[in-house]
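Note sheet for the following structure.
The values are calculated or read from the model by the stated rules, or taken from the named source; none is laboratory data. Model, not experiment: these values are computed from the prediction. Don't worry about glycine lacking a Cβ; one is built from the backbone with ideal geometry, like all the others, and counts go over all protein chains shown.
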Amino acid sequence: MTCTEAAKNRDLCVPLYRAALKGDWKAANKIINEELSIVGASIALGSYTALHVAAGAGHVHFVEKLVNTMSLDDVRLLDERGNTAFCVAAAAGHVKIAKIMMRKDSELPKQLGFERKTPLYHAASFGQQKMAWHLYSNMSSEENLPRLFFTCINSGLYQWRRHLGTSLASKLLEDHPDFAFERDLNGNTALHLLARKTSSFPSGSPGICAKLKRYKNPEQALVKVLWHEVAKQGRERLVEVLTSPSHLLFDAMEVGNCKFVAQLIYEFPGLVWEKNSRGWTIIHAAVWHRHETIFSLIYELGMAKDVIPTFKDTVDGNTLLHLAARLPPPTQLNRLAGAGFQMQRELLWFKEVKNIIRPSYMQKKNSDCKTPQEVFTSAHAPLLKDGQAWMNGTAQSCTIVSTLIASALFAAEVTVLMGDHPVKTAPFRIFIISDAIAFLLALAATLTFSAILTSRYAERDFLSALSWRLKMGLALLFFSITAMMFTFSSAFFIAYGRKDVFSILVTGCAGVPVLLYVFLQFPLLTDIFVSTFSCTSIFKQSEPVVL
């Protein structure tokens with residue numbers, strides 16, 4: 001039924017739509033009393049009724065009043081896509097509205113919507129955990145449970161409900177253990193879908209291993225149950241799930257889901273020997289994708305620590321050190337801002353891998369007849385050039401600032417010392433001392449930044465020397481600016497006296513440049529300290545995973 005046929009006056013549709021969208025029952029009731037048949041009319045594009053609009057907007061009171069004026073047929077009306085208003089409420093996650101509509105018609109949870117999908121499926125596909133749980137007990141006999149299970153995985157419905165103590169995905173798996181090796185339309189198991197989800201922990205998170213053993217993360221708990229169910233079926237089924245349609249471990253490594261990889265290795269340590277089509281182990285993949293957490297597992301493997309680094313790439317003959325010598329994917333390289341710090345991290349990786357391989361492998365050549373060092377130099381030449389330009393630009397900018405500060409402070413110091421001033425007063429002493437300190441710090445900062453500008457920018461310089469100089473220069477500049485603000489403030493106390501309001505106001509404002517410096521330089525300072533102080537810790541685990 002169209003709005004024109006129901007109301008005979010098309011002007012009623014837009015006001016009713018606005019009232020339903022805002023939840024204004026008083027205005028809507030006035031329109032309905034004027035033309036009762038409009039409650040079952042299409043009032044908007046997409047064949048939405050007033051109930052569709054109000055249910056989607058989440059207006060509980062409006063829906064409750066509206067449903068009382070409707071017949072069962074009106075409540076079950078479909079929109080252009082074939083969805084009832086109940087399906088819309090389910091997708092939006094409005095549980096109270098769903099309960100109101102179910103009191104009117106208990107069969108609504110079983111009425112199929114778009115593409116013959118149930119309201120439960122709609123709730124799950126939109127990630128509405130609470131609504132999905134509510135509808136699970138009223139599930140239609142036509143519900144495709146395997147499809148619902150995979151939808152829960154894709155939508156993240158494996159989070160625990162506190163009052164239920166489990167998740168919907170876990171509940172489905174508990175009721176149907178065979179879902180552990182069920183496959184979706186693309187041939188993926190639930191483990192494959194979880195492997196390709198981005199990890200909740202950063203690649204270098206030191207606490208990841210300790211958290212594995214407590215299973216506080218619902219995703220980890222679900223992975224454990226799935227893996228154990230698969231393992232019960234025997235080695236043949238386990239290998240099939242592990243490697244088809246793609247290898248679980250290497251899928252997870254590609255997207256950075258280190259948590260998943262560490263979880264499976266904790267459950268089954270023998271997986272460290274698994275290889276992909278190129279002959280890589282997960283240690284090789286960890287080096288290629290620059291995942292420190294997984295690479296550090298090699299220190300727990302005993303004799304395997306000496307064996308795994310000897311495996312070569314079956315395609316191009318690259319050793320583990322060759323993989324460390326190549327540029328990583330851009331997503332991993334760009335985890336650090338600034339080409340200088342990126343180059344430093346690459347040097348750290350190359351150095352770390354070099355420490356675990358046999359000395360004879362350092363000079364081994366790949367199929368292109370290149371040693372690891374030759375590959376590193378060639379692959380990182382553009383990054384080295386960018387790092388030089390970045391360091392140069394940063395140092396030049398800071399040198400200009402520190403030089404200007406030093407010049408101004410030196411001039412102020414000389415001018416005051418040559419004049420006749422009451423040297424014994426406290427403000428004057430503060431002025432002289434802070435001016436001298438600020439000048440010396442600014443001069444030291446200038447010399448430090450000059451050392452960066454005159455550097456040879458060799459590869460090894462990026463490992464520690466340049467970053468330490470930059471960090472020291474920025475710190476000296478910060479303290480110089482702080483001391484300069486003391487100098488500035490004390491000058492006003494000398495000129496206007498201690499009790500003058502103007503002097504106090506200026507002193508308060510003097511802190512603004514210091515705070516501004518910290519705020520504007522905070523990202524750079526963060527990168528410097530993270531890059532510098534993580535050099536000795538990025539490859540360390542807080543607790544063992546394999547043992």
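Being charged (D, E, K, R), in a helix (DSSP H, G or I), touching a helix residue (DSSP H, G or I) at 6+ places or on another chain (Cβ under 7 Å) and buried (at least 17 other Cβ atoms within 10 Å of the Cβ), is that true of even one residue in the stretch 279-297?
Applying the first criterion (charged (D, E, K, R)) to the stretch 279-297 yields 290, 292.
Filter once more, so that each one left must be in a helix (DSSP H, G or I): 292.
Going one step further and asking which of them are touching a helix residue (DSSP H, G or I) at 6+ places or on another chain (Cβ under 7 Å), we end up with none.
There is no residue in the stretch 279-297 that is charged (D, E, K, R), in a helix (DSSP H, G or I), touching a helix residue (DSSP H, G or I) at 6+ places or on another chain (Cβ under 7 Å) and buried (at least 17 other Cβ atoms within 10 Å of the Cβ).
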Fill in: Subset of the stretch 24-56 (residues that are buried (at least 17 other Cβ atoms within 10 Å of the Cβ) and among the small types (G, A, S))
A28, G40, A41, S42, A44, S47, A50, A54, A55, G56
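Could you tell me which residue of the stretch 158-208 is modelled with the lowest pLDDT, considering only residues that are hydrophobic (A, V, I, L, M, F, W, C) and part of a loop (DSSP other than H, G, I, E, B)?
Just the residues of the stretch 158-208 that are hydrophobic (A, V, I, L, M, F, W, C), to begin with: 160, 164, 168-169, 172-173, 179-181, 185, 190-191, 193-195, 201, 208.
The next check asks that each one be part of a loop (DSSP other than H, G, I, E, B); those that pass are 160, 164, 185, 201.
On the way: W160: 55, L164: 47, L185: 90, F201: 43.
Residue satisfying both the conditions and the ranking: F201.
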Response to the item:
Here the residues within the stretch 333-366 that are at pLDDT 90 or above and among the small types (G, A, S) are none
Practice prompt. Say whether the condition of being surrounded by 23 or more Cβ atoms within 10 Å (Cβ to Cβ), in contact with a Gly (Cβ under 8 Å, 6 or more places away or on another chain) and free of Cβ contacts under 8 Å to residues at least 40 places away in the same chain is met by at least one residue in the stretch 130-138.
Written response: no
Response to the item:
Flagged in the stretch 440-499 as aromatic (F, W, Y) and either within 36 Å of the chain's Cα centre (by Cα) or outside any helix (DSSP H, G or I) (or both), in numbering order, are F449, Y457, F462, W468, F478, F479
Practice prompt. Restricting attention to the stretch 20-44, report how many residues are without any contact (Cβ under 8 Å) to a residue 24 or more places away in the chain and among the aliphatic types (A, V, I, L, M).
Written response: 2
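Can you pull out every residue in the stretch 286-311 that is free of Cβ contacts under 8 Å to residues at least 40 places away in the same chain and more than 23 Å from the chain's Cα centre (by Cα)? Even if it seems obvious, please write down each step before you answer.
So in the stretch 286-311, the residues free of Cβ contacts under 8 Å to residues at least 40 places away in the same chain come out as 286, 302-304, 307-308, 311.
Residues satisfying the conditions are G302, M303, A304, V307, I308, F311.
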Worksheet entry | Which listed residue, of T377, T403, is in the same structural domain as S455 (by TED's automatic domain parsing), surrounded by fewer than 20 Cβ atoms within 10 Å (Cβ to Cβ) and out of contact with any Leu (no Cβ under 7 Å at 6 or more places or on another chain) | T403
Worksheet entry | Conditions (1) of a type outside the set (S, T, N, Q); (2) in a helix (DSSP H, G or I); (3) touching an Asp or Glu at 6+ places or on another chain (Cβ under 8 Å); number of the one not met by L112 | (2)
Discussion item. Go through the stretch 57-85 and report how many residues are surrounded by 19 or more Cβ atoms within 10 Å (Cβ to Cβ) and under 34 Å from the mean Cα position of the chain (by Cα).
Written reply: 1
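Taking the stretch 215-244 as the search range and keeping residues that are surrounded by fewer than 16 Cβ atoms within 10 Å (Cβ to Cβ) and under 27 Å from the mean Cα position of the chain (by Cα), which one is nearest to F179 (Cα to Cα)?
Y215
Looking at the stretch 105-117, is at least one residue small (G, A, S) and surrounded by 14 or more Cβ atoms within 10 Å (Cβ to Cβ)? Even if it seems obvious, please write down each step before you answer.
Of the residues in the stretch 105-117, the ones small (G, A, S) are 106, 113.
Among the residues that remain, those that are also surrounded by 14 or more Cβ atoms within 10 Å (Cβ to Cβ) are: 113.
Looking for residues that are small (G, A, S) and surrounded by 14 or more Cβ atoms within 10 Å (Cβ to Cβ), one finds at least one in the stretch 105-117, hence yes.
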